[in-house]
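The values are calculated or read from the model by the stated rules, or taken from the named source; none is laboratory data. Nothing here was measured: the structure is a model prediction, and the numbers come from that model. Counting neighbours? That spans all protein chains shown, and the Cβs are built from the backbone with ideal geometry, glycine included. Each accessible area value is taken on the protein alone, full model and side chains, heavy atoms only, with ligands, DNA and RNA left out. Shrake-Rupley method; radii C 1.70, N 1.55, O 1.52, S 1.80 Å.
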Amino acid sequence: LTAEILANKGKRFGQVQLDNGSMYWLEVRAAEKGRGVLVRSSQNSLCEEVLPRDVSVRSKVHEYGGGDFIVDNGVVYFSNAEDCRVYKFENNQLTPITPAATDLEFRFADFCLTPCKKYLIAVREVHKTSEHQVINDLVRIDIADKTVTVLHSGFDFYSFPRISPNGHRLCWTCWNQPDMPWDATELWLADLHEEAAISAAHQVSGGEGVSIFQPSWDNQGVLHYISDASGWNNLYSHDDGVLNALCPIDRDFGTPQWIFGLGTYVINSDETLYALYFEEGQQQLCHIDPSNGHIEQIALPFKHFESQLLGDEENLYFCAAGPAIESAMYRYNIAEKKYYALSEVSPFPLPAGDISIAKSVKFSSSSGRECHAFYYAPINSYYEGLDDTCPPLIVMSHGGPTAATDNSLNPGIQFWTNRGFAVADVNYGGSTGFGKRYQKLLDGQWGIVDVEDCVAAAKYLVGQKLADPKALLIRGGSAGGYTTLCALTFFDVFTAGMSRYGVSDLEALAQECHKFEGRYTDNMVGPLPEAKGIYIERSPIHHTDQLSCPILLLQGADDKVVPPNQAEMMVEALEAKKIPYSYLLFEGEGHGFRNAETIIKAFEAELYFYRKILKVESEESIAEIDIKNLN
């Protein structure tokens, strides 16, 4: 399973949209330098690209985007990656409907169309570059005269603007720093008038430590949403001030709102309710009877859904993957109880017997708390390990850190298990899908709990004779890169590691980070300047005297979330101590590698690095990298 194959398969699915029986979705293709391609499929037609080939669909609001487009009767409205303007595509004609940027940069996301078809309501982000200021608000876009009018402002962030079926009400969520959307969000409601003006805006739920996710309207005009007020992300309806828990259960139906346009439940036109929920780190699709809260699980081979569920009277639509099934777009016929692929599902490049299937494991970490991970054994039908030996282990720490990993077929994991490495993908304390109490374990403890749990995972698997104690590796990107650097600095457990655009200096991150995560560390570490001592205490860059093992650093030159200086500070420290390291800076890449060439170089560099450090000989031909201080 080569890096070239991974890159060519490098296609990420984004937002989905249903329009008159046709399914639209966004594909981010590494083979096309990360271009966002809008694809359409119906029950009677194959997949086809919708927009001209020189167009890339992408919103950059919050830097992570999402909610990039909307479709109505075949007319497409979308955010253009190149200039961040909103465009209308109709009758094969592209028309910009927002002004061109002058001294300000305007970004848009999370669109909804008014019933009169004259206006889009969206979240706008204004970047005042000269003042280093970013303002988010809720706006109305006049499609005909290309003007933008503010509907609501005053909060740091907005999301989920949604119009009621009769067009008379508008709901949305909003929140202020230092909270993230999974910490505390408010649900607001307003009257919506002709010409898309609003009045009587007021809060109806959320706030004060309660998070609201995915407000939606049913056909009768009843507002639904997900709230974590009970300690679990459960479904509620809100009708004329009456709050009703539809399915009170110790399961999470919501997911962290890192991007716009997410949705984990759907209310079909016949008022039937379908939803996704987490169980033991895996997602399940179910039908909910609102009259009694009864859950009926729908048996499918998928254990991970891209947190976007759509439906009509006859079908459900989603992007999903399973332990032996790669991500693809699917249609599930409710009456037939069968699913059909809408996007191409190409055979996986390894034989079925060579695919490593995740095993869910639980183990004790510090203070006796229970932790979760997925363990992948190495497997390759052409090779077998020597008797009385254990494989090298790669511990993976996911990003976020308020996120989670899953057990779906991941080519990036199979790349390692195919070569004799075992992999432990850890859902450390703070991961989502295990209830609010587990998610809150990182509050004030980032750099402690996550690191302890990754170390505990490695020790547990060594104790189970599933890993070689002298060949323990750790890797992660972004927040996972920070966890990796902390584990390599503060613990003498791992042989080497790889940090991909990881954080080395928490204080620098807090001072330089983009607005969306600008106060993220307030809750997870502490507010500045009062907690400066804690920031220094938990930043690897200030404790390089404790560092002694080799590190590979991978970084995007255009990263606005974790700037290159975070990696470059580590390079200086590693060089000063003459510790083996490699540093690869990729031009044109941001936070998350999108280009096929970069993906190939990154995987081969990491493989080459591990083999050199572990002194493993191989006849496989891959590109070499320069490892400083190796001798």
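Is it fair to say Val75 is over 21 Å from Trp217 (Cα atoms), open to solvent by less than 10 Å² (accessible area, probe 1.4 Å) and among the aliphatic types (A, V, I, L, M)? Judged against the criteria, Val75 is not a match.
Restricting the first member to the range 299-315 and to residues that are under 17 Å from Ile334 (Cβ atoms), and the second to residues that are open to solvent by 50 Å² or more (accessible area, probe 1.4 Å), the beta-carbon pairs closer than 6 Å and six or more apart or on different chains are Glu313/Ser269; Glu313/Asp270. Taken over the range 523-540, the criterion of being open to solvent by 30 Å² or more (accessible area, probe 1.4 Å) and part of a helix (DSSP H, G or I) is satisfied by Asn523, Lys532, Gly533, Ile534, Ile536, Glu537. Of the set (1) in a loop (DSSP other than H, G, I, E, B); (2) open to solvent by 20 Å² or more (accessible area, probe 1.4 Å); (3) modelled with pLDDT of 95 or more, all apply to Tyr87 but (1).
Cys371 passes every criterion in (1) under 24 Å from the mean Cα position of the chain (by Cα); (2) open to solvent by less than 50 Å² (accessible area, probe 1.4 Å); (3) closer than 30 Å to Asp312 by Cβ apart from (3).
The helices (runs of 4 or more DSSP H) located wholly in the range 404-476 that include 2 or more residues which are crowded, with 23+ Cβ neighbours inside 10 Å, touching a residue at least 40 places away in the same chain (Cβ under 8 Å) and touching a Gly at 6+ places or on another chain (Cβ under 8 Å) occupy 449-463. The single condition among (1) open to solvent by 50 Å² or more (accessible area, probe 1.4 Å); (2) outside any strand (DSSP E or B) that His202 does not meet is (2). Checking each residue in the range 126-158 for being among the charged types (D, E, K, R) and surrounded by fewer than 12 Cβ atoms within 10 Å (Cβ to Cβ) picks out Glu131, Asp145. If you go through the range 383-433 and keep only what is under 16 Å from the mean Cα position of the chain (by Cα), among the charged types (D, E, K, R) and modelled with pLDDT of 95 or more, you end up with just Asp425. Sub-8 Å Cβ pairs linking a first residue in the range 324-335 that is closer than 14 Å to Ile413 by Cβ to a second residue that is among the acidic types (Asp, Glu), at least 6 apart or interchain, are Ser327/Glu306, ordered by first then second residue. Figure legend. Inter-residue proximity from the range 183-212: first residues at negative phi, second residues assigned to a loop (DSSP other than H, G, I, E, B) and of a type in the set (D, E, K, R), beta-carbon distance below 8 Å, spacing 6+ or different chains. Indicated pairs: Ala184/Glu208; Thr185/Asp179; Val210/Asp228; Ser211/Asp183; Ser211/Asp228.
Considering only residues of the range 325-345 that are touching a Ser or Thr at 6+ places or on another chain (Cβ under 9 Å) and not polar (S, T, N, Q), which is farthest from Glu27 (Cα to Cα)?
Ile334
The residue that is farthest from Ser164 (Cα to Cα), among those in the range 262-283 that are modelled with pLDDT of 95 or more and not aromatic (Phe, Trp, Tyr), is Leu276.
The set of residues in the range 595-631 that are open to solvent by less than 50 Å² (accessible area, probe 1.4 Å) and not aliphatic (A, V, I, L, M) comprises Asn595, Thr598, Phe603, Glu604, Glu606, Tyr608, Phe609, Tyr610, Arg611, Asn629. Per the conditions (1) touching a residue at least 24 places away in the same chain (Cβ under 8 Å); (2) closer than 22 Å to Leu473 by Cα; (3) of a type outside the set (Gly, Ala, Ser); (4) out of contact with any Ser or Thr (no Cβ under 6 Å at 6 or more places or on another chain), the sole criterion not satisfied by Lys362 is (1). In the condition set (1) surrounded by fewer than 20 Cβ atoms within 10 Å (Cβ to Cβ); (2) within 29 Å of Gly399 (Cα to Cα); (3) of a type in the set (A, V, I, L, M), Met180 is compliant with all but (1). Against the definition (in a strand (DSSP E or B), in contact (Cβ under 8 Å) with a residue 40 or more places away in the chain and surrounded by fewer than 18 Cβ atoms within 10 Å (Cβ to Cβ)), how does Ile249 come out, yes or no? Here the answer is no, as Ile249 does not meet what is asked. Residues in the range 24-67 that are open to solvent by 30 Å² or more (accessible area, probe 1.4 Å), among the hydrophobic types (A, V, I, L, M, F, W, C) and in contact (Cβ under 8 Å) with a residue 40 or more places away in the chain: Ala31, Cys47.
Cys549 falls short on exactly one of the conditions (1) touching a Leu at 6+ places or on another chain (Cβ under 6 Å); (2) part of a helix (DSSP H, G or I); (3) open to solvent by 10 Å² or more (accessible area, probe 1.4 Å), and that condition is (2).
Residue pairs whose Cβ atoms lie under 6 Å apart, sitting 6 or more positions apart in sequence or on different chains, and linking a residue in the range 598-617 that is closer than 17 Å to Asp468 by Cβ to a partner that is surrounded by 21 or more Cβ atoms within 10 Å (Cβ to Cβ) and among the acidic types (Asp, Glu), do not occur here. Would you please name the residue that is farthest from Phe586 (Cα to Cα), looking only at residues in the range 495-522 that are in a loop (DSSP other than H, G, I, E, B) and open to solvent by 10 Å² or more (accessible area, probe 1.4 Å)? Ranking the candidates gives Arg519 first.
Just give me the residues in the range 205-231 being assigned to a strand (DSSP E or B) and surrounded by fewer than 16 Cβ atoms within 10 Å (Cβ to Cβ), in sequence order.
Hits for the range 205-231: nothing passes.
Those strands (runs of 3 or more DSSP E) of the range 263-313 in which at least 2 residues are open to solvent by less than 50 Å² (accessible area, probe 1.4 Å), considering only elements entirely within it, cover 265-267, 273-279, 282-289, 304-311. Filtered by the rule that a residue be β-branched (Val, Ile, Thr) and assigned to a loop (DSSP other than H, G, I, E, B), the range 182-198 gives a lone residue, Thr185.
When you check Arg169 against the structure, is it charged (D, E, K, R), in contact with a helix residue (DSSP H, G or I) (Cβ under 8 Å, 6 or more places away or on another chain), farther than 20 Å from Ala229 by Cβ and buried (at least 18 other Cβ atoms within 10 Å of the Cβ), yes or no? When the stated conditions are applied, Arg169 does not pass them.
Looking at the range 353-365, can you tell me whether even one residue there is in a loop (DSSP other than H, G, I, E, B) and either open to solvent by 70 Å² or more (accessible area, probe 1.4 Å) or over 24 Å from Gly463 (Cα atoms) (or both)? Before the answer, list the steps.
The initial filter retains those residues of the range 353-365 that are in a loop (DSSP other than H, G, I, E, B), namely 355-358, 365.
With either open to solvent by 70 Å² or more (accessible area, probe 1.4 Å) or over 24 Å from Gly463 (Cα atoms) (or both) added as a condition, the list becomes 355, 357.
Yes, the range 353-365 contains a residue that is in a loop (DSSP other than H, G, I, E, B) and either open to solvent by 70 Å² or more (accessible area, probe 1.4 Å) or over 24 Å from Gly463 (Cα atoms) (or both).
Answer with yes or no whether Leu472 is at pLDDT 95 or above and hydrophobic (A, V, I, L, M, F, W, C). Yes; evaluated as a whole, the condition is true for this residue.
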